[in-house]
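Here the structure is laid out as structure tokens; the discussion comes afterwards.
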Amino acid sequence: MTRLTRRQFHRSVLGAAAAATLPTFAGANTAPILHAREGNAQLAPTDYPETKIWGYDGIVPGPVLRARQGERMSLRFRNDLPQASSVHWHGIRIENAMDGVAGMTQPAVEPGEEFLYDFALPDAGTYWYHPHNRTYEQMARGLYGALVVEEATGAPEVDLDEVLLLDDWHLTDEAQIEDGFGNMHDWAHAGRIGNWITANGDGGWSREVPQHTRMRLRLVNTANARIFTLEVRGLEGWVVALDGMPLETPQPLGALTLAPAQRADLIVDVVADEGEEAFLVSFERDGGYAIASFPVTSTARQARLSAPDALPPNPVPALGPLETAARSELRMEGGAMGGMQGAMIGGRMMGMRDMAAEGKAWAFNGVADMGEKPLLKAALGDTVRIAMINDTAWPHGMHLHGHHFRQIRADGTVGPLRDTILMNRGEAAEIAFVADNPGDWLLHCHMLEHSAGGMMTWLRVA
Ligand code: C2O
Ligand code: CU
């Protein structure tokens, strides 16, 4: 495996490419086009060639889609990739038919075809979009973008609002995307982990800021399987939202873990002195790397602003009584060193060796892939609980579609609203949510090789 060195690149001379922004979202007929196609991107330093990518509008990341809470979003998705695709609006509490799950909520959009996505935006916050067909390949090739829903009222006052999509890429010596997407070793272990990290498609992302600037940083982990462990230097502030949903009280920012698909909204002040640099740092096995840098070039104001208020809450229903709520169990099994003997696939029991031949390595409750029966059926408005146990040797980031949930901790307290929860090896976690969104919804691991390898189930809200 090649390892491109990343050490100097926070000082790269590459400018920060401004992400394109789609300005308006009008009615269906005039809906702007979101165009999935091949493109080129300078992911690696400029002494490497450009990388052939697949991107929305041909760029990595795709355009930042911005709209205001309460508006509708309408987009004509046009697929000019050599593969069928679809668009999933990750974290949006969306109507089921617009959820973008190929083969479940819609047919895959074939090359040359279009699909109209038109949906309401009930919640403000940081969301993102990505394919939901051969996701492990299509996302690794560069298909993802941010969807920012601005607060209808009560947006925090900041000088700068920056989206940072964090990704890792598995690149060859020529800086091309390594195409071993079906690599069973990756599938049965941690998933596809790259050798090159970018923020907004740039290995040396940088933006000049004055001292005491207040920024809202919207961090999104768009990697297939990498868990980011992040810290800041020369910045101080708070976590104000997770997975799009405001925290009741802003939390002082320390080390931050982002599993694949997770987001964090930070409000930070630049405290590094003029002439210095502030950083977002990612911790890897061999040390910390600056993945975004902020050279401090002047002074915005003499002192820091005062602490921010909490963001206004989103209209997510409160949990009903937990004692009487239906409780399902979900045991996560399989993978390397997991001790699983086999699992049911398509109604048939298979041993591990046969499973591997079909590209499967994982199971939930003894079933790999989508079983015929849902994990649970909920009546509309019910509060439901899912007790999950990670009986594998690997971490998993479990994502529920169409809803946000809260973790019910062992001491009975509840965690913040989330749509993806990281579960380390051997860990148990119980979640609860109000099943207020009718339809069939996926619950899967967002390590994309794991979900493709079997870690996928669904539930029905009727
Ligand atoms: Cu972000 Cu089922 O996905
Ligand atoms: Cu997993």
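The values are calculated or read from the model by the stated rules, or taken from the named source; none is laboratory data. Owing to the predicted nature of the structure, the values given are computational and were not obtained by experimental measurement. Reconstructed Cβ throughout: ideal geometry from the backbone, glycine too, with neighbour counts over all protein chains shown. Surface areas here come from the heavy atoms of the whole protein model, side chains and all, with no ligands, DNA or RNA. Shrake-Rupley method; radii C 1.70, N 1.55, O 1.52, S 1.80 Å.
Placing unit charges on C-beta atoms (Lys and Arg positive, Asp and Glu negative, everything else neutral), compute the dipole magnitude of the chain about its Cα centre in debye, rounded to 20.
The dipole of the chain has a size of about 560 debye.
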## Note on the structure
Computed from the beta carbon distance with a Förster radius of 35 Å, FRET efficiency for Thr299 and Ala152 to the nearest 0.05 stands at 0.60
### Query
How much length is gained if the chain between Ala379 and Gln251 is pulled fully straight, taking 0.36 nm per residue apart and subtracting their Cα-Cα distance, in nm to one decimal?
42.6 nm
### Query
Which order, highest average first, do 33-43, 78-88, 249-259 follow once you tally other Cβ atoms within 10 Å for each residue and take the mean per peptide?
78-88, 33-43, 249-259
### Task
Translational diffusion coefficient, Stokes-Einstein: compute it for the range 64-143 using the Kirkwood radius over C-alpha pairs as Rh, at 25 °C and 0.890 mPa s, and state it as an integer in µm² s⁻¹.
189 µm²/s
### Query
If each of Asp173 and Arg353 carries a label point 7 Å out from its Cα toward its Cβ, how far apart are those two points in nm?
3.7 nm
### Cα pair distances in the range 194-305, grouped into 10 Å bins until the bin that holds the longest one, percent each
14, 45, 33, 7, 0
### Message
Restricting to Cα pairs below 8 Å that are 6+ residues apart, what does the relative contact order work out to for the chain? Please round to a whole percent.
### Response
14 percent
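Ranked highest first by average number of other Cβ atoms within 10 Å, how do 309-319, 139-149, 224-234 line up?
The packing order, highest mean first, is 139-149, 224-234, 309-319.
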### Query
Based on DSSP H runs of at least 4 residues, each adding -39500 (n - 2.57), what is the mean residue ellipticity at 222 nm of the chain after dividing by all its residues, to the nearest 500 deg cm²/dmol?
-1000 deg cm²/dmol
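Counting only protein heavy atoms and using a 1.4 Å probe, what share of the accessible area of the chain belongs to carbon plus sulfur, as a whole percent?
It is 49 percent, rounded to a whole number.
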### Cα gyration tensor category, rounded, prolate or oblate, for the range 341-462 with a/c compared to 1.5
oblate
### Query
Is the shape of the chain rounded, prolate or oblate, going by the alpha carbon gyration tensor and its root eigenvalues a ≥ b ≥ c, with a/c under 1.5 for rounded and a/b larger than b/c for prolate?
rounded
### Task
With all protein chains present, calculate the accessible area of Lys360 using a 1.4 Å probe and round the result to the nearest 10 Å².
30 Å²
